[in-house]
Amino acid sequence: MKLLVTGGCGFIGSNFIRYIIKKHPSYRIVNVDKLTYAGNLENLHGLKKKRTYRFIKADICNASQMTKVFKKTKSDTVINFAAESHVDRSISSAAPFIKTNFLGVGVLLNCALEFGVKKFLHISTDEVYGSILRGKFKEPSRLDPSSPYSASKAAADGLVMSYYRTYGLPILITRSSNNYGPYQFPEKFIPLVILNALTNKKIPLYGDGLNIRDWIYVEDNCHAIDTVLHKGMPGEIYNIGGQCERTNRFVVKTILKILKKPASLITYVQDRPGHDRRYALSVTKIRNELKWQPRTSFSEGLKRTIAWYLDNQGWLKNTQTGAYRTFYKKYYGSLGLKDL
Ligand code: NAD
Ligand code: TYD
């Protein structure tokens, strides 16, 4: 396979690239990433010399850049991770979310069609369904997003599906629950709690701390995406849930306990506007049809995650100081699109 992975320098994308290189060493991977604040080349440290891997700094919203990438790389499969992904940022400023998460996806779909791509796997989220107090969302459930982030993702899902129905583009969509694990930028809940606990800083818990998320260890999501890529049916949507619902308060207390830090670090702060109370996914479809299910328990995944952050405090520090933003020049000089 000749994979074009977008957003591969982010959290899930970088985990996925490492996963694929290990599982399918013969696959060729081109990683296209704009390197926003969330894109970190250090996440893929060591891959630069691999013959089967290549990084290109480019923006999925830029049609002429993307046309050049598709034309030159002749990729047969696209996996789109590229997105603005943090709900709080989307509340402060929605525009970049609308641009990348919707218009950028439109640019990729047009290129995929023009260059005859054989599979287009779009990475979506459980947040498109909105909140559910009882029961679980299935793939045909109504979309009811609450934040500009989830609304931009829901709009993209509609656009992706329209390219299947209208043009026959062989698309697939995955909607996963909240991921956690190594290389997650410490603005997201679990790494933020770990970082603040390690530095004895207050840990902000929104509202009453009883909102529920379904947590999935990132490696399990990578396994699921790989499964959908190889066994999924074109035109289908697959939920990927960790089957592990926890309140935010429980998550913080568990992390503090593992790190032997006091619960007094917790500080209740004003709630996030439009804060979804509970996310819950049915995984019946992917379990029955593709034989996938999560393998990592929450306690095991959390232990591994905390161990990774403890072992990689240099990485954590670079995200704090902004040093990771200079790696592009250091690793790649001026290499980029023009060298294609
Ligand atoms: P992330 O923010 O860590 O990474 C996003 C990556 O996309 C970064 O490397 C960034 O530089 C890149 N990017 C952003 N705009 C771009 C553009 N215009 N052109 C090219 N690259 C661009 O995000 P993540 O947590 O790894 O999430 C990856 C995908 O998975 C997203 O589509 C997100 O919506 C989805 N998702 C995430 C979660 C989660 O818990 N993190 C859960 C469900 C779905
Ligand atoms: P987050 O990691 O932002 O993921 P999402 O909002 O996409 O689910 O947040 C996870 C949960 O943690 C969510 O209910 C909001 C809550 N939260 C806090 O209580 N405090 C924080 O500082 C952050 C970042 C999140």
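Under the condition of being part of a helix (DSSP H, G or I) and in contact (Cβ under 8 Å) with a residue 40 or more places away in the chain, which residue from segment 244-261 is surrounded by the most Cβ atoms within 10 Å (Cβ to Cβ)? Write out each step before concluding.
As a first pass, look at segment 244-261 and keep what is part of a helix (DSSP H, G or I): 248-258.
With in contact (Cβ under 8 Å) with a residue 40 or more places away in the chain added as a condition, the list becomes 248-249, 251-252, 254-256, 258.
Working: N248: 19, R249: 16, V251: 22, V252: 25, T254: 16, I255: 20, L256: 20, I258: 16.
Step by step, filter segment 244-261, then rank; the result is V252.
Can you tell me which residue is farthest from F81 (Cα to Cα) among those in segment 213-229 that are aliphatic (A, V, I, L, M) and buried (at least 20 other Cβ atoms within 10 Å of the Cβ)?
Only one residue tops the list, namely I216.
Which residue, of F120, F137, F189, is touching a helix residue (DSSP H, G or I) at 6+ places or on another chain (Cβ under 8 Å), in contact (Cβ under 8 Å) with a residue 40 or more places away in the chain and away from ligand 2 (no atom under 16 Å from the Cβ)? Even if it seems obvious, please write down each step before you answer.
Values: F137 fails: away from ligand 2 (no atom under 16 Å from the Cβ); F189 fails: away from ligand 2 (no atom under 16 Å from the Cβ).
Step by step, each of F120, F137, F189 is checked, and only F120 is touching a helix residue (DSSP H, G or I) at 6+ places or on another chain (Cβ under 8 Å), in contact (Cβ under 8 Å) with a residue 40 or more places away in the chain and away from ligand 2 (no atom under 16 Å from the Cβ).
Which residue out of Y206, Y217 is touching a His at 6+ places or on another chain (Cβ under 7 Å) and at pLDDT 95 or above?
On the way: Y217 fails: touching a His at 6+ places or on another chain (Cβ under 7 Å).
Step by step, each of Y206, Y217 is checked, and only Y206 is touching a His at 6+ places or on another chain (Cβ under 7 Å) and at pLDDT 95 or above.
For (1) without any contact (Cβ under 8 Å) to a residue 12 or more places away in the chain; (2) over 18 Å from the mean Cα position of the chain (by Cα); (3) farther than 30 Å from R134 by Cβ, each residue gets a yes or a no:
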position	(1), (2), (3)
G168	yes, yes, yes
L172	no, no, no
N179	no, no, no
D208	no, yes, no
H223	no, no, no
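Looking at S93, S64, which is the one that is out of contact with any Ser or Thr (no Cβ under 9 Å at 6 or more places or on another chain), closer than 27 Å to R272 by Cβ and free of Cβ contacts under 8 Å to residues at least 24 places away in the same chain?
On the way: S64 fails: closer than 27 Å to R272 by Cβ.
Going through S93, S64 in turn, the sole match is S93.
Anything in segment 262-288 that is exposed (fewer than 15 other Cβ atoms within 10 Å of the Cβ) and either modelled with pLDDT under 95 or more than 30 Å from I203 (Cβ to Cβ) (or both)? List them, or say none.
Selection gives T284, N288.
Is it the case that some residue within segment 32-55 is of a type outside the set (D, E, K, R), in contact with a Phe, Trp or Tyr (Cβ under 8 Å, 6 or more places away or on another chain), modelled with pLDDT of 95 or more and more than 26 Å from V107 (Cβ to Cβ)?
no
Condition test on Y238, is it away from ligand 2 (no atom under 11 Å from the Cβ) and touching a residue at least 24 places away in the same chain (Cβ under 8 Å)? Before you say what the answer is, go through the steps one by one.
Numbers: away from ligand 2 (no atom under 11 Å from the Cβ): yes; touching a residue at least 24 places away in the same chain (Cβ under 8 Å): yes.
Yes: the conditions hold for Y238.
Among the residues of segment 1-16, write down those that are within 8 Å of ligand 1 (Cβ to nearest atom) and under 13 Å from A83 (Cα atoms).
T6, G7, G8, C9, G10, F11, I12, G13
In segment 74-98, which residues are farther than 30 Å from R54 by Cβ, of a type in the set (S, T, N, Q) and within 15 Å of ligand 2 (Cβ to nearest atom)?
Residues of segment 74-98 farther than 30 Å from R54 by Cβ: 87-88, 90-95.
Now narrow it down to the ones that are of a type in the set (S, T, N, Q): 90, 92-93.
Listed by number, the residues that qualify are S90, S92.
Quick check, is Y149 out of contact with any strand residue (DSSP E or B) (no Cβ under 6 Å at 6 or more places or on another chain), farther than 17 Å from K34 by Cα, among the hydroxyl-bearing types (S, T, Y) and within 16 Å of ligand 1 (Cβ to nearest atom)? Walk me through how you get there before you give the answer.
On the way: out of contact with any strand residue (DSSP E or B) (no Cβ under 6 Å at 6 or more places or on another chain): yes; farther than 17 Å from K34 by Cα: yes; among the hydroxyl-bearing types (S, T, Y): yes; within 16 Å of ligand 1 (Cβ to nearest atom): yes.
The answer is yes for Y149.
Would you confirm whether any residue within segment 8-29 is closer than 22 Å to N179 by Cα, without any contact (Cβ under 8 Å) to a residue 12 or more places away in the chain and charged (D, E, K, R)?
Here is the first cut: in segment 8-29, the residues closer than 22 Å to N179 by Cα are 8-23.
Keeping just the survivors that are without any contact (Cβ under 8 Å) to a residue 12 or more places away in the chain gives 22.
Remaining after also requiring charged (D, E, K, R): 22.
Checked against the condition, which is being closer than 22 Å to N179 by Cα, without any contact (Cβ under 8 Å) to a residue 12 or more places away in the chain and charged (D, E, K, R), segment 8-29 yields at least one hit.
Residue under question is T305, and the condition is that it be among the β-branched types (V, I, T), within 16 Å of ligand 2 (Cβ to nearest atom), outside any helix (DSSP H, G or I) and out of contact with any Ser or Thr (no Cβ under 8 Å at 6 or more places or on another chain); does it hold?
Details: among the β-branched types (V, I, T): yes; within 16 Å of ligand 2 (Cβ to nearest atom): yes; outside any helix (DSSP H, G or I): no; out of contact with any Ser or Thr (no Cβ under 8 Å at 6 or more places or on another chain): yes.
It is false that T305 is among the β-branched types (V, I, T), within 16 Å of ligand 2 (Cβ to nearest atom), outside any helix (DSSP H, G or I) and out of contact with any Ser or Thr (no Cβ under 8 Å at 6 or more places or on another chain).
In this structure, does S146 turn out to be surrounded by fewer than 24 Cβ atoms within 10 Å (Cβ to Cβ), among the small types (G, A, S), within 15 Å of ligand 2 (Cβ to nearest atom) and in contact (Cβ under 8 Å) with a residue 12 or more places away in the chain? Before you say what the answer is, go through the steps one by one.
Numbers: surrounded by fewer than 24 Cβ atoms within 10 Å (Cβ to Cβ): yes; among the small types (G, A, S): yes; within 15 Å of ligand 2 (Cβ to nearest atom): yes; in contact (Cβ under 8 Å) with a residue 12 or more places away in the chain: yes.
Spelling it out, S146 is indeed surrounded by fewer than 24 Cβ atoms within 10 Å (Cβ to Cβ), among the small types (G, A, S), within 15 Å of ligand 2 (Cβ to nearest atom) and in contact (Cβ under 8 Å) with a residue 12 or more places away in the chain.
The values are calculated or read from the model by the stated rules, or taken from the named source; none is laboratory data. Remember, predicted model here, so these are calculated numbers, not experimental data. Cβ coordinates were reconstructed from backbone atoms using ideal geometry, including for glycine residues, and neighbour counts include every protein chain displayed.
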